[in-house]
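Here is the structure we will look at, set down as structure tokens.
Coordinate-derived values only; no laboratory data. Worth saying up front: this structure is predicted, and the values here are computed from it rather than measured. Quick reminder, even Gly has a Cβ in these numbers, built from the backbone with ideal geometry, and neighbours come from all protein chains shown.
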Amino acid sequence: MSTPLKVILGLAAGMLVGSSVLSLTAYAVPSPGGKSDKSSTPRTSMALVPVVVAVRDLSPGETVPYEAMAKRDLPEMIVTSSMVKPDTATYIKDQRLVVPVSKGDPLYWGWFSSTMSELKMDSPTLDVKVWEACDDALAASPGTSRRERTGADIRARLVREAGAQGQTKPSLATVLVLARDVKAGQVLTNKDLKQVSLHAEHTINSAVPVTDRKLVVGRRLSKVLQAGDPLLWAAFADNTATDECFKTLQPKVKAAGVAARDAEIARFQKQSGAALPKPERAPVPKVDAKGHADILMVTADVPEGAVLDESMLKARRFPDALVTASLIPAEQLRDIVGARTLVPLQAKDPLMWQMLDDAARPRQEGSCVLAAAAALNTAREQATREGTAAFVRGKESH
């Protein structure tokens, strides 16, 4: 499976099914005179491919709203599957950036915390929270290095480290492009690069110009890139401290969660005690002479694990053809008040017996799963808070 497809599937797992495709406006390319040109007529005869770009400068730690995206046509020779295309833009909406992005830059799948492939994540959704907590804690600390907020910041660091002078206004007409796939942590060589000349309307603000080739060769990349990708300064973003924090905390946070989960399961088993007597047959809705039965439904959205009160419940008439033994008769309303939901419910959903458990003395497997998951998440959050604070204190003391 290709990396971009893995990324899309991973992001889709956290989204509601049926999310609409975003309709993006065209990016206004600045003209040489400084004005924006929204003309869709290409000035060159080369084949163009639409990609998603940023309409303003974006900093690490920011999420990307719909309003910050636009579609822009770029030459086919510098467009790869690393870039987000307009028909998949919905997957990056409100996702968090880990690198700086300049206005007009194409958005890469690997630029987001939820899509980082360079770190080993056993439980991606929860582990991303650990990485982001580390990043936030380090960024908020006055005693640790600040985030590089622009591509120019990254270039300035490389210039300082190299002791180079570097020209103040590099030409973006000829840029560096990857000649072959490279991995995060790999040292860039001349053989990894080729140069491509671009028309003025297709220049990318934070692309590494060919004039800075000596500045980047020999440098270690922080992001995965594939052959054909334009080399952007973001590929050298320094997330070293955040990655170190994550690698230090991840096993501790995972262990804390597992211990809390196992303790909650043991507590649940002990609480359950002796086996209950065989339950009586659950009341079944009674169908009247007109072929209808009154059953219970919820009046508003109810999250899993919620304890039902009378205001959440209402009787609803169901035709005989839709009535099953799982539905709860309306006359059972007072018996149902105080029960705990095992699944999330939406307004007007009919209630079923298998959706509920006793809130005071739960016995169903679903209740155990909910309790164990809550204990695991709470323990992880606490371990993350304490761990990031301790890590930052350690950094500040050096």
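Beyond 24 Å in Cα-Cα separation lie the following of the pairs 93/395; 183/254; 103/191; 214/247; 254/395: 93/395; 183/254; 103/191; 214/247. Length available on full extension from residue 290 to residue 81: 0.36 nm per residue minus the Cα-Cα distance, which gives 69.2 nm. For the peptides 68-79, 128-139, residues were scored by their other Cβ atoms within 10 Å and the scores averaged per peptide; the highest-first order is 128-139, 68-79.
Which length gain, in nm to one decimal place, applies between residue 66 and residue 199 when the Cα-Cα distance is subtracted from 0.36 nm times their residue separation? Mind dumping the intermediate values first?
Values: separation 133, 0.36 × 133 = 47.88 nm, distance 2.79 nm.
Length gained, residue 66 through residue 199: 45.1 nm.
Length available on full extension from residue 26 to residue 390: 0.36 nm per residue minus the Cα-Cα distance, which gives 126.4 nm. Each Lys or Arg adds one and each Asp or Glu subtracts one; over the other residues with Cβ under 13 Å from the Cβ of residue 373, this totals -3.
The tail of the calculated P(r) for segment 342-391, taken as Cα-Cα distances beyond 12 Å, holds 72 percent of the pairs. Take each peptide in 95-103, 48-56, count the other Cβ atoms within 10 Å of every residue, and average; sorted highest first, the result is 95-103, 48-56. Distance between the modelled labels on residue 157 and residue 300, one decimal in nanometres: 4.7 nm (7 Å Cα→Cβ projection).
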